[in-house]
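No value in this document is a laboratory result; all are computed from the given coordinates. It should be emphasised that the depicted structure is a prediction, and the values quoted were computed from it without experimental measurement. Backbone-built Cβ (ideal geometry, glycine too); neighbour counts: all protein chains shown.
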Amino acid sequence: MPEKRHEALSRREFGRIVSAAALTAGLPEVSFGMMPPSQPQARPSDLCDMTAVDVAARIHRKEVSAREVMSAHLARIERVNPKINAIVTLVADRAMSDARAADELQTRGGPLGPLHGLPVAHKDLVDTAGIRTTRGSLYYKDNVPATDALIVRRVRAAGAVMLGKTNTPEFGAGSNTFNPVFGATVNPYNTSKTVGGSSGGAAAALRCGMVPLAGGSDTGGSLRNPAAFTNVVGFRPTPGRVPDDDGSWSPLSTGGPMARTVADVALFLSSMVGAHGPDPLALENDGAIFRAPLTRDFKGARVAWFRNLGGIPFEPEILRVANACRQTFVDLGCVVEEAEPDFTGVDEAFPILRHLSYHSNYARLARENPAMFKETVKFEIAEAERNTGADVARASARQARMSGEVSRFFDRHDYFVLPVTQVEPFDVTTEYPTSVAGVPMPTYIDWMRSCWYVTFMACPAISVPGGFTANGLPVGLQIVARRRNDFGLLQMAYAFEQATRFGERVPVL
């Protein structure tokens with residue numbers, strides 16, 4: 001594969017964007033402690049630290065109202081968000097009005113959805129009727145959609161109450177959450193570090209207790225990378241499990257849930273799934289299956305432990321922390337052996353197919369408004385135009401072969417386990433790592449191959465808290481299951497989570 005390079009932002013321009021929200025200068029690093037256990041009767045401030053499952057149950061039992069829950073989260077946002085910049089559009093009045101309506105529905109004895117009264121935030125790439133949706137772009141900074149995206153409609157139908165939008169990189173391009181509209185989101189474990197991306201605002205809002213559930217999306221790791229960097233859970237479902245409105249046949253991109261625990265992710269997922277005629281990949285399933293108990297015996301389960309993903313580099317601390325998790329699977333009764341799919345050629349095929357979506361969505365706008373598009377988006381568009389039809393055909397053929405190879409791989413193994421990221425959270429003023437363990441990274445997505453190699457498998461994948469580096473920064477462990485075994489994957493992730501409890505180590509803000 002010939003080396004591909006593009007011009008990064010100038011140091012001055014990048015610094016201007018990152019500091020636009022005045023967040024990264026002079027902020028102290030924060031320490032972390034243990035999440036306080038849930039109490040039978042929660043004070044308002046405690047509600048922000050409970051699981052979504054627990055809060056939902058308390059609302060259903062009328063131990064707490066939707067208004068009390070929303071008030072607690074809005075107070076947490078007021079106190080913490082100025083330090084982190086995770087929630088970029090807050091609709092507090094609307095949220096309180098909707099919470100009041102939820103309480104009135106419950107008083108009348110109306111039907112309550114599984115997310116009844118729970119605050120939720122959506123990524124700023126997702127259309128929300130009457131609420132600004134900027135996509136992190138100056139071009140869309142005043143954009144107010146007239147309709148909700150499908151995922152927004154489904155989550156609302158399940159009873160959730162939207163309180164606002166979370167920060168994202170411009171057009172979701174890149175795994176460092178900054179943009180010229182809102183500036184950068186910083187990591188609550190160390191505010192000089194990035195939260196990753198592109199669902200970075202969602203991950204940070206969750207970790208800080210600003211919201212119990214947050215929607216995300218994932219092409220090259222946008223659910224998994226920020227979850228790993230902030231010690232929360234990000235779930236990339238089987239393509240088609242969470243349908244969308246774009247009518248695409250591509251399995252590369254999907255929406256999905258984020259939360260602080262695996263059980264919360266499963267609850268949130270239950271509201272997103274189900275048939276949708278306009279989506280050709282949409283799977284028909286009943287969301288109730290994801291609200292079933294996650295406990296399961298894994299004695300004899302066959303776990304494939306990663307080798308080196310075909311030789312891609314990892315920072316030593318990432319390998320140390322990830323490999324320390326191997327014994328947990330053994331202790332769960334799993335049969336663990338080193339094995340991984342053949343990723344040969346994926347480093348060429350995935351970017352070619354990724355470039356196409358940026359070109360179809362933004363090429364015309366970028367030509368007409370070049371000053372409003374960052375260089376990495378222009379790079380995606382230019383690469384799509386440089387590649388030939390034969391290049392796309394070869395990439396599509398590799399994608400087809402991968403499907404068969406992955407199917408045979410999961411005939412021999414039940415789960416595949418590897419690190420989410422190749423690096424620990426880096427300085428928020430660094431646009432992206434240009435080298436990993438001394439190996440140059442030619443483009444802005446190369447340092448995330450451990451995620452987008454898995455994307456190419458078209459299987460469900462989850463990032464769960466996997467421990468901490470010597471610098472006290474979170475590391476995510478990535479677990480992958482065979483296609484459509486989303487519930488089995490959640491069960492394995494839950495077993496790992498309960499055995500390790502890494503997610504209970506939280507920042508004190």
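Evaluating 6.51 cos²θ - 1.76 cosθ + 1.60 at θ = phi - 60° for every residue in the stretch 425-437, the Karplus couplings come out as x, 9, 4, 5, 7, 8, 4, 6, x, 9, 7, 10, 6 Hz, glycine and proline recorded as x. Within the same chain, lysines fewer than 8 places from Lys83 are excluded, and of the rest, those with a Cα less than 24 Å from its Cα are Lys123, Lys141, Lys165, Lys193. Counted by neighbouring Cβ atoms within 10 Å, the residues Cys451, Cys459, Cys48 run from fewest to most as Cys48, Cys459, Cys451. In whole Å, how far is the Cα centre of the stretch 54-120 from that of the stretch 438-508? Rounded to whole Å, the Cα centres lie 29 Å apart. Residue-wise HN-Hα couplings along the stretch 48-56, as the Karplus relation 6.51 cos²θ - 1.76 cosθ + 1.60 with θ = phi - 60° gives them from phi, are 6, 9, 7, 6, 5, 4, 5, 5, 4 Hz; Gly and Pro carry x. Taking every C-alpha pair closer than 8 Å and separated by at least 6 residues, the mean separation divided by the residue count of the stretch 258-337 gives a relative contact order of 27 percent. Does the chain classify as rounded, prolate or oblate by the C-alpha gyration tensor (a ≥ b ≥ c root eigenvalues; a/c under 1.5 gives rounded; else a/b over b/c gives prolate, otherwise oblate)? It is rounded, given that a/c, with a ≥ b ≥ c, falls under 1.5.
When the helices of the chain are scored as -39500 (n - 2.57) per DSSP H run of n ≥ 4 and the total is divided over every residue, the value at 222 nm lands at -11000 deg cm²/dmol.
Taking 0.36 nm per residue of sequence separation and removing the Cα-Cα distance, the Ala400/Asp427 pair yields an extension gain of 5.9 nm. Residues whose amide H falls under 5 Å from that of Gly345, counting only those 5 or more places apart or on a different chain, are absent, with hydrogens built in the peptide plane.
Search the structure for amide H atoms under 5 Å from the amide H of Gly310, placed 1.01 Å from N in the peptide plane, and list their residues when 5 or more places away or on another chain. Placed amide hydrogens put nothing under 5 Å from Gly310. Here the peptides 119-125, 416-422 are ranked by packing, the mean other Cβ count within 10 Å, and the order with the highest first is 119-125, 416-422. How would the stretch 207-309 be classified by its alpha-carbon gyration tensor: rounded, prolate or oblate, with rounded meaning a/c under 1.5 and the a/b versus b/c comparison settling the rest? The shape class here is rounded. Against the compact-protein benchmark of 2.2 N^0.38 Å, the Cα-based radius of gyration of the stretch 309-355 scales to 1.56.
Looking at the chain, the DSSP beta bridges with both ends there are about 75 percent antiparallel.
Per residue, the average separation of C-alpha pairs within less than 8 Å and at least 6 apart gives the stretch 165-248 a relative contact order of 24 percent. The string of couplings for the stretch 324-337 from the Karplus curve (6.51, -1.76, 1.60, θ = phi - 60°) is 5, 7, 4, 5, 4, 5, 4, 5, 6, x, 6, 9, 10, 9 Hz, one whole number per residue in order, with x for Gly and Pro.
Approximating the spin labels as points 7 Å out from Cα along Cα→Cβ, the Arg501-to-Ala157 distance works out to 4.0 nm. Charged side chains reduced to their Cβ positions (Lys and Arg at +1, Asp and Glu at -1) give the stretch 418-509 a dipole of some 400 debye around its Cα centre. Note on Asn369 and Ala75: the model spin-label points, each 7 Å out from Cα along the C-beta direction, lie 4.0 nm apart.
Distant-in-sequence amide contacts of Leu213, defined by a placed amide H-H separation under 5 Å and a gap of 5 or more residues or a different chain, comprise Ala121.
Could you tell me the calculated FRET efficiency between Glu104 and Asp286, based on Cβ-Cβ distance and R0 = 30 angstrom, to the nearest 0.05? Once rounded, the FRET efficiency stands at 0.60. Normalising the average separation of contacting C-alpha pairs (under 8 angstrom, six or more residues apart) by the number of residues puts the relative contact order of the chain at 18 percent. For the stretch 250-280 and the stretch 361-437, what is the separation of their C-alpha centers, rounded to whole Å? Each part reduced to its Cα centre gives a spacing of 21 Å.
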